[in-house]
Amino acid sequence: MVRSDGYDAWLSYSSVTNKNAQKYAAFFSSCYIIAPDGCPDGRQEGCPPGKDSNNSSATDTCTNIQREISSCFKSAGISTSVTVCGRGTLIPDDAGVFTIFSESVPAHFSYIDKETGDEGFSIVSDASRICAFSKTYTGLLYAAFKILRMIQMNEGLENLSISEKPALPHRILNHWDNLDGSIERGYAGESLWKWDELPFVIDSRYTDYARMLCSVGINGSVLNNVNTQPKILSTDYISKIASLASVFRSWGIKTYVSVNFGSPVSLGGLKTADPLDQSVIEWWEEKIAEIYASVPDFGGFLIKADSEGQPGPYAYGRSHADGANMIAGILARYGGILIWRAFVYGHGETDRAKKAYADFKPLDGKFLPNVTIQVKNGPIDFQPREPVHPMFGGMEKANIFMEFQIAQEYLGQGNHLVYLAPMWKEILDFDTKIKQEKSQVKHTLSGIGAVSNTGNNSDWCGSLFHTANLYAYGRLSWNFELSSEHIAREWALCTWGLDTFLHEIVMFILMNSWEACVNYMTPLCLHHIMKYHHHYGPDPACEEGEREDWKPKYYHRADKLGLGFDRTRNGSGAVDQYSKPVADMFNDIATCPEKYLLWFHHVPWNYKLSSGRTLKDELVYAYNKGVSQAENLLSTWKKAESLVSKEHYKAVLGKLEIQVKDAYEWRDVCLQYFLSFTE
Ligand code: GCV
């Protein structure tokens, strides 16, 4: 049974019943985790003997493994013997082992894959013994979570020969948490970070947060909003950051912060933040030295510059590369990275979708190796569906991070149940055709970030269903090849248990929810037609907002002739920011995928789509389909009434009822408005 407040998310181990757990007990009736006893950073190679001063976090990681395995079995009423021991310990022949030391791998397990990098792992087993091997303790912890997931899913542990390593070295969660406890675009309560209490009071929830992220392979956390307050870099806040970092460390999570490019002025009292000014450089040098003195493994900075009012290098006649390289060069001395966002617009461009590529492409090759450009998945802003951003593949020499948004700012926020993995897969699998092979978006990345949907609600993400997206983000970042259905299946089994009928209900809701949302909100790639500012609900006629490119009309361009933004070579020319084959495909209305039609074309109302329907009729069809799909999610959930607790049933029911009501509103408002142009 799922805990009623949802706090345990997918880690309740509720599916591990006593009966199921029996068959795994032998593997953990005698199991040893070999802890560090001489290696300063928990690594095997190059380890000077006798030094153990920095081993505390590695030892804590071993304890995390031990506790995690024990708690899984304890909840099923089965006792285990999982021991953290030193390297010289004599391991009984019938025992299981978690180790980073090759000589501690029992002789009966000959297969060890050493090609798993720093965070990967291998797991081998026979009928009753299991061995996990990695180069790092974090890798062992990931192996433990893998094994526990298999147990939760009731899969066999016998005769395993598994090797895994993450798709990317940086898999980061971006919090848009403000220092006053509010969260920009947060729909699950207030911030998790109690800044007023830190560093003196360490909420146990920080550990539970880190454990949850680690269980799905997320290895970095940017603590605060990209719309920053400079005081995050004050000495006071650095000690708070250090206290959070010390909790996260043993879960393999690095700590990052968003910083304000104007900090030398607003915090340091200097007259300028010009990146080429010597006093500014020295200010950053001192600040970064101060951070690393407290957090030696600090991950680095995330910066939103020259965007939506945030200061940046433009004010000093400098480029993004000038700004980024100055700070990155200092971070590089300590092993840190600089994540520089490409979310820029509003500087006189004719098509907002073109701005980031136009500004950044000329700088390709000019960024330092530890700078990475973080690019939103689409060229505008986390819409229900967007074509990929042309900077993926288009910036061939720079490090590029993907930025997804787990928080559903434009997709019904905390109310609509929309499983986002299919959308993320569509983006990651898109072929940029920038070269002959390995040119899908997923091949162009050096890291990934996503705007978190967490808050201090007891269920973390606003509802149990919303945790599916946090789960999916982690799992997908670990392994891009997992299908969205596979991830949904894992999450459903670990969260809702093994009941087959309930499982099918949950799967139906997950797997049909994104398509439903696209249909009832923005079919055929309509975009940015949400209400002003809060972005909840439809308002295609909206005139509010101080900028033209915040108004829906800028995007949908509805008129007597047709609908959609002409981004072809006859229009804004945005298509030519893609590789030639992709640009040609988007440019021609006959070859442009219909799912992106109104993004790239101003389409006549009587244009016939592949369905045989005119644009006008297709719009009516799609909005109606979206409504009936939403109704289907609701009626499907009603079948779960006797299978889940009353509280869970009602909570999900309430959300789906809002979703259906909103779907009707979307349909009615949008059709009334758009069809008025056809009269
Ligand atoms: C953090 C959109 C959102 C803003 C957000 C911005 C960004 O404009 O509505 O809330 O600001 O994106 O990603 O920087």
| said: So, in region 161-186, exactly how many residues are at pLDDT below 95 and either within 30 Å of Ile241 (Cα to Cα) or not polar (S, T, N, Q) (or both)? | reply: 1
| message | Among the residues of region 148-166, are any surrounded by fewer than 24 Cβ atoms within 10 Å (Cβ to Cβ) and closer than 23 Å to Ile339 by Cβ? | response | yes
| request: Give the residue that is surrounded by the fewest Cβ atoms within 10 Å (Cβ to Cβ), with candidates limited to residues of region 452-487 that are in contact with a Pro (Cβ under 8 Å, 6 or more places away or on another chain) and in a helix (DSSP H, G or I). | output: Ser484
| Considering only residues of region 376-405 that are within 16 Å of the ligand (Cβ to nearest atom) and of a type in the set (A, V, I, L, M), which is nearest to Ile339 (Cα to Cα)? | Met402
| query | Scanning for something modelled with pLDDT of 95 or more and among the aliphatic types (A, V, I, L, M), does region 104-122 turn up at least one residue? | reply | no
| Subset of region 406-440 that is away from the ligand (no atom under 16 Å from the Cβ) and among the hydroxyl-bearing types (Ser, Thr, Tyr) - its residue that is surrounded by the most Cβ atoms within 10 Å (Cβ to Cβ) | Tyr419
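Yes/no per residue for (1) modelled with pLDDT of 95 or more; (2) within 16 Å of the ligand (Cβ to nearest atom); (3) under 24 Å from the mean Cα position of the chain (by Cα); (4) buried (at least 18 other Cβ atoms within 10 Å of the Cβ):
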position	(1), (2), (3), (4)
Ile218	yes, no, yes, yes
Ser234	yes, no, no, no
Ile253	yes, no, yes, yes
Pro264	yes, no, no, yes
Ile288	yes, no, no, yes
Ile303	yes, yes, yes, yes
| note | So the helices (runs of 4 or more DSSP H) completely within region 228-337 holding 1 or more residues that are touching a strand residue (DSSP E or B) at 6+ places or on another chain (Cβ under 9 Å) and under 23 Å from Ala398 (Cβ atoms) are 278-294, 320-332
| Could you count how many residues in region 161-188 are more than 18 Å from Asp236 (Cβ to Cβ), touching an Asp or Glu at 6+ places or on another chain (Cβ under 9 Å) and in a loop (DSSP other than H, G, I, E, B)? | 11
| remark: Considering region 330-365, residues that are touching a Leu at 6+ places or on another chain (Cβ under 6 Å) and more than 15 Å from the ligand (Cβ to nearest atom), and then whichever is farthest from Tyr292 (Cα to Cα), we arrive at Leu338
| query | Among the residues of region 346-367, which ones are in a loop (DSSP other than H, G, I, E, B) and surrounded by fewer than 22 Cβ atoms within 10 Å (Cβ to Cβ)? | reply | Gly346, His347, Gly348, Glu349, Thr350, Asp351, Asp364, Gly365, Lys366
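The values are calculated or read from the model by the stated rules, or taken from the named source; none is laboratory data. Since we're looking at a predicted model, the values are computed, not measured. For neighbour counting, all protein chains shown are included, and Cβ atoms are generated from backbone atoms with ideal geometry for every residue, glycine included.
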